[in-house]
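Let me begin by presenting the structure, written as structure tokens, before commenting on it.
Nothing in this text is a laboratory measurement; each read-out follows from the coordinates by a stated rule. In this text, all values refer to a predicted model and were calculated from it rather than measured experimentally. Glycine gets a Cβ as well: all are built from the backbone with ideal geometry, and neighbour counts include every protein chain shown.
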Amino acid sequence: MAEVSAMGGLSTTVAKSYGLAGNIVDCGVRDVAEMRNRDYPVWSRGVTPITGKFRFEALEINGPIVCAGVQVSPGDLVVADDTGVVFVPQKFIGEVVRRAIDASAKEEHLIKALEKGSSLGEIKKILSPEKW
């Protein structure tokens, strides 16, 4: 069965005009060049030429949903970049942010050590290879 699109150039224009920062959709999208030209970030399962026109309706606004098999609730943290999308349940946000800051600091220390030519032994003291 072909994947149907839920977002394309026109819906991107509408979303941006309403002040949305971006979209995460659990299906394919169309008109990727238009989205990029409008400087509007969209994360999706892929790209498809098939329209979703008249096939989709909003079922939930500011309520719990499931995206890619993951339960997402209002107040959860959503982080997205070129690598992918992560949903963090609200009750874990503080711990996840703390761990991310710690990991980033270790990685920065490791990068500086690599750039200055530190030995493998020195580098292993900063972050063991199984964590790379």
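Derived scalar couplings between HN and Hα for the stretch 116-128 equal 8, x, 4, 6, 4, x, 5, 5, 4, 5, 6, 8, 5 Hz in order, rounded to whole Hz, by the Karplus curve 6.51 cos²θ - 1.76 cosθ + 1.60 (θ = phi - 60°), x for Gly and Pro. Please compute the net charge surrounding Phe92, taking Lys and Arg as +1 and Asp and Glu as -1 over other residues with Cβ under 11 Å from its Cβ. My count for the surroundings of Phe92 gives +1. Once the C-beta distance of Ala113 and Val79 is scaled by a Förster radius of 25 Å, the resulting FRET efficiency is 0.40 to the nearest 0.05.
Listed by chain and number, the lysines whose alpha-carbon sits under 16 Å from that of Lys131, ignoring those within fewer than 8 places in the same chain, are Lys106.
Across the stretch 1-101, the mean sequence separation of Cα contacts (distance under 8 Å, 6 or more residues apart), normalised by length, yields a relative contact order of 22 percent.
Within a straight-line Cα-Cα reach of under 13 Å, Lys124 can be paired with the following aspartates and glutamates, leaving aside sequence neighbours fewer than 8 residues apart in one chain: Glu107. Compared with the dominant principal axis of the Cα atoms in the chain, helix 93-115 is inclined by about 50°.
Of the residues Ser73, Ser118, Ser44, which exhibits the maximal mean-square fluctuation in a Gaussian network model of the chain defined by a 10 Å Cα contact cut-off? Most flexible of the set in this elastic network: Ser118. Taking a ≥ b ≥ c as the square roots of the eigenvalues of the Cα gyration tensor, the stretch 80-119 is oblate, since a/c reaches 1.5 or more and a/b is not larger than b/c. Just checking the listed ones, Ala105, Ala68, Ala58: in the Gaussian network model of the chain with Cα springs under 10 Å, the one fluctuating most is Ala58. Considering only Ile65, Ile50, Ile111, the mean-square fluctuation computed in a Gaussian network model of the chain, springs between alpha carbons under 10 angstrom, is largest for Ile111.
Straight-line cross-link partners of Lys112 among the aspartates and glutamates, defined as a Cα under 16 Å from its Cα and at least 8 positions apart when in the same chain: Asp102, Glu122.
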